[in-house]
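To start, the structure itself, in structure tokens.
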Amino acid sequence: MNQRISVYMRSALRQVLLVSAFSVIQWVSYNVIMSIVAFFHFRLDHGLNIINEWVFDNGWEIVMMTKVISTYLFLKFILVVSIQRKPFKHLFFTGILFPGREVLISLAGFIFFFIFAGGGELEPASKGNFLRAAVIYAGVSVYYLTDIFVLLAIQKMYPIREKYRLMLSPVLALIIVLISRKIFPFAKGMDSLVFSNLVLSQVLIGWRRHNWTLPGIFVLALLSPAAVLLGLDPIAGEEFSLFVLSEKIGGAIYFAIVLLSASYLYYKRKTDEKSLLI
């Protein structure tokens, strides 16, 4: 028993170290990109204020470049030991899992409680535009999906039992959020809401079997539209949102909604398993 726990602890430690290594790669990639940006701005005799404004206005473009480059380099490194001839392709296709009714109900409940907690009313913000909305949607999607693929690869490489995986998920989410705040200093909304989203994404990654499609649906159908429409934008906050909720949702309430959604999923799975045994 103790030996088994020791194996799980070693796998958990490897997961923490690999997530930290991924963050270091992001930091290096970001600094390389920003060095190139600063070089051209200085060539045009732009001051620091102009550069900072440009960085904020193009924040999602910088984040997307950083995340895509870092994810490619990291997965290239971690999957080099894979026995598969085409590890990227294998990770993609083996990670496809069609959602069950309980997942759709859970996400629908998430949307309902989210809007209810926000006062149930939308107020127009009229700061955004179609092009900006498209960039935000793409940026949020890339931000979360790259993390999802990295976490999926790590969990498949060093699997641990479900209860330990659930205990570890807040730790990994916290590492990602804290280091992301350091890497992207211009990010206004890199807070507890992003932490909660990453926790629920990890729950969905391991739902029934390792997959990327269920957290992908969560991102593409909920988080990205919410960033565009309601200002849940990790980079700009409500700066370019089309609408805002009548009441601001606190981090604790948002995490409670995430916890409720995850609890329903596991309750439903337990009841399904019991019904199969009868």
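Suppose the filter is under 28 Å from the mean Cα position of the chain (by Cα), within 21 Å of A133 (Cα to Cα) and touching a residue at least 60 places away in the same chain (Cβ under 8 Å); does F56 pass it? Criteria met by F56. Which condition from (1) outside any loop (DSSP other than H, G, I, E, B); (2) modelled with pLDDT under 75; (3) touching a helix residue (DSSP H, G or I) at 6+ places or on another chain (Cβ under 9 Å); (4) not β-branched (V, I, T) is the one that G128 breaks? Going through (1) outside any loop (DSSP other than H, G, I, E, B); (2) modelled with pLDDT under 75; (3) touching a helix residue (DSSP H, G or I) at 6+ places or on another chain (Cβ under 9 Å); (4) not β-branched (V, I, T) one by one, G128 breaks only (1). Farther than 15 Å from S180 by Cα and touching a residue at least 12 places away in the same chain (Cβ under 8 Å): is that true of R43 in this structure? Judged against the criteria, R43 is not a match. Screening segment 145-188 for residues that are free of Cβ contacts under 8 Å to residues at least 24 places away in the same chain and under 21 Å from Y266 (Cα atoms) and picking the one that is surrounded by the fewest Cβ atoms within 10 Å (Cβ to Cβ) gives K163. Of the candidates S106, S196, the single residue that is in a helix (DSSP H, G or I), at pLDDT 85 or above and of a type in the set (G, A, S) is S196. Scanning segment 59-75 for residues that are buried (at least 23 other Cβ atoms within 10 Å of the Cβ), more than 10 Å from I235 (Cβ to Cβ) and of a type in the set (A, V, I, L, M, F, W, C) yields a single hit, F74. Among all residues of segment 77-90, there is none that is among the aliphatic types (A, V, I, L, M), under 16 Å from A187 (Cβ atoms), in a helix (DSSP H, G or I) and in contact with a helix residue (DSSP H, G or I) (Cβ under 8 Å, 6 or more places away or on another chain). Within segment 234-250, the residues that satisfy the criterion of being part of a loop (DSSP other than H, G, I, E, B) and either closer than 14 Å to I136 by Cβ or in contact with a Gly (Cβ under 6 Å, 6 or more places away or on another chain) (or both) are P234, I235, A236, G237, E238, E239, F240, S241, L242, S246, E247, I249.
Residues in segment 189-217 that are buried (at least 20 other Cβ atoms within 10 Å of the Cβ) and either touching a strand residue (DSSP E or B) at 6+ places or on another chain (Cβ under 9 Å) or not hydrophobic (A, V, I, L, M, F, W, C) (or both): S196, N197, S201, Q202, G206, N211, P215, G216.
The values are calculated or read from the model by the stated rules, or taken from the named source; none is laboratory data. Note that the structure is predicted; figures quoted are calculated from it, not measured. All Cβ positions, even for glycine, are placed from backbone atoms using ideal geometry, and neighbour counts span all protein chains on display.
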